[in-house]
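A.B. asks: This is the structure I want to talk about, given as structure tokens.
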Amino acid sequence: VFVPQLVGNLTGCDGLFPKSLAFNFGFLLARPAAWYFLHDVDMLVPASFFSKVTLRLKDSRTNWFQPFTAIMDTTVDTEAFYKTHGQSAKLPALELVPYIGLHGVNLGGSVVTRRSVFQAIGGYDPEWFFGWASEDIFFVQKLRFLYGMGLAEQRSHNTIYHLKHENQKLKGFFNRAGVHLIETFKELDPSQGREFTEFRSQLLSLDSSNRDACVKYPDP
């Protein structure tokens, strides 16, 4: 388990948590593994979650998948609750409603990919997605472009639970950049799409080379 915590204003966008950059750093700095589980910290999972995910990992045909069939949203803003009542306060019973993602698309929050797949699509795109929002949509969009739906559509039968929080406030360019990339990518022909993902993959490879030169892992 690797939890990157980035400190400071690395995105130039009001100090928002740079999620895309954090996931890429996690990929680059953690000990290399066969599979990567990219999961938002505000998504709670049931007790049986990991046993079901593990079964999917044993299928050699699987390149990537989303380990849930549904996301439920809490109606209580848990972030605001703890700010008001303190971190040790007990949450009231949470009413659950179906979660509707950004643009009405429920794609993010939890994705599992092979290391080679993460590398092939170039990871996340922090140059275009600031803070957290539609970076998940574009990440899955690239996965579907290179690998199709395949077994990814046969999601693990899990329900995960999203802790409601205040939406980030992106303005101007910071709000438009990622949405523009998503819409533009949809219009690319296959050769243009491959050119984009190959370029992103090359950038991630350069970063990986820098990591290998600087990071020494202890013997297990």
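Here, each number is a calculation from the coordinates, and none is a lab measurement. Remember, it's a predicted structure, so these values are computed and weren't measured experimentally. Please note: Cβ atoms are built from the backbone with ideal geometry, for glycine as well, and neighbour counts cover all protein chains shown.
A.B. asks: What pairs in K58/K83; K19/K83; K19/K52; K58/K142 have C-alpha atoms more than 32 Å from each other?
C.D. replies: Flagged as over cut-off: K58/K83.
A.B. asks: Given R₀ = 22 Å, FRET efficiency for S48-M72 by Cβ-Cβ distance, to 0.05?
C.D. replies: The formula returns an efficiency of 0.90 here.
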